[in-house]
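Q: A single structure is presented below for examination.
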Amino acid sequence: MLNIVLFGPPGAGKGTQSQKLIARYNLVHLSTGDLLRSQITQGTELGLRAKKLMDEGLLVPDEVVIGMIESQLANNTTAAGFIFDGFPRTVPQAQSLDALTQRYDTGVSCMIALEVAEEELVKRLLERGKTSGRPDDQDETKIRKRVTVYNTETAQVASYYAQQSKFHGLNGIGAIDDIFGQICAIVDQHQPATPVADSQAATDEVKA
Ligand code: AMP
């Protein structure tokens, strides 16, 4: 399985690049932000509780997002792989993702971080807020709060993956297709090896 963690502050371009990666590698997209917004739209208890935190630019509790990822993995057992967008955002979330993927004899293949300076993020998110309808994209104070939360709580996740030699940082400013090309070059280095059984079958076929 190919499991990519796409990382970066809000507004770094994770959503845009996720769509392109899904099309190229046939992956299932798991965005905890999208999953939470869907709970809000459905008016669930979980959605109501999460909305207050999300509107303030704060993280929702680890167990909430971990539970959502757990059920998504269970519902997609035949997937070729996943792209995790906006998850994990804390070290306990990253540890849980390792434990959850191990259940399916797989793990995180690589983590790609899109790096963008705060002023550019604020500009991009205010622009997005004009059409996204997201309250957390429409208020500069809330946007800056989300960037601060990313810098203080989420950036430690990068060290977690660096310790496993899975971290790759990329400049997230530039043409979308150029950035996508750089992401693909990294992903291709981490493509899972052909399973032993398959390569043996291929060798047998050649011999025959
Ligand atoms: P996003 O769409 O990824 O920018 O997420 C929007 C908001 O949802 C964040 O500001 C958080 O309040 C919440 N959220 C999304 N993913 C997570 C996560 N992995 N951990 C905690 N909170 C999250």
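None of the figures in this text is laboratory data; all of them are computed from the coordinates on show. Computed from a predicted model, the values in this text were never measured in an experiment. Positions of Cβ are generated from backbone atoms using ideal geometry, with glycine treated the same way; all protein chains shown enter the neighbour counts.
Q: Does Met1 count as near the ligand (Cβ under 10 Å from one of its atoms), of a type in the set (A, V, I, L, M, F, W, C) and either over 11 Å from the mean Cα position of the chain (by Cα) or surrounded by 14 or more Cβ atoms within 10 Å (Cβ to Cβ) (or both)?
A: In short, no.
Q: A further question follows. Here are the criteria: (1) among the β-branched types (Val, Ile, Thr); (2) part of a helix (DSSP H, G or I); (3) free of Cβ contacts under 8 Å to residues at least 60 places away in the same chain. Tell me which single one Ile173 does not satisfy.
A: (2)
Q: Name the residue that is surrounded by the most Cβ atoms within 10 Å (Cβ to Cβ), counting only residues in the stretch 86-123 that are in contact with a Gly (Cβ under 8 Å, 6 or more places away or on another chain) and within 11 Å of Ile69 (Cβ to Cβ).
A: Top of the filtered list is Gly86.
Q: Further, regarding this structure: When Val60 is evaluated against the numbered criteria (1) within 13 Å of the ligand (Cβ to nearest atom); (2) β-branched (Val, Ile, Thr); (3) assigned to a helix (DSSP H, G or I), which criterion, by number, is the only one it fails?
A: Going through (1) within 13 Å of the ligand (Cβ to nearest atom); (2) β-branched (Val, Ile, Thr); (3) assigned to a helix (DSSP H, G or I) one by one, Val60 breaks only (3).
Q: Anything in the stretch 83-107 that is over 24 Å from Lys145 (Cα atoms) and within 14 Å of the ligand (Cβ to nearest atom)? List them, or say none.
A: Answer for the stretch 83-107, where residues must be over 24 Å from Lys145 (Cα atoms) and within 14 Å of the ligand (Cβ to nearest atom): Ile83, Gln95, Ser96, Leu97, Leu100.
Q: On to the next question. Where residues in the stretch 68-82 are surrounded by 13 or more Cβ atoms within 10 Å (Cβ to Cβ) and part of a helix (DSSP H, G or I), which of them is farthest from the ligand (Cβ to nearest atom)?
A: Ranking the qualifying residues of the stretch 68-82, first place goes to Leu73.
Q: Checking Leu30 against (1) away from the ligand (no atom under 16 Å from the Cβ); (2) in contact (Cβ under 8 Å) with a residue 12 or more places away in the chain: exactly one of these is not met. Which one?
A: Failing condition for Leu30: (1).
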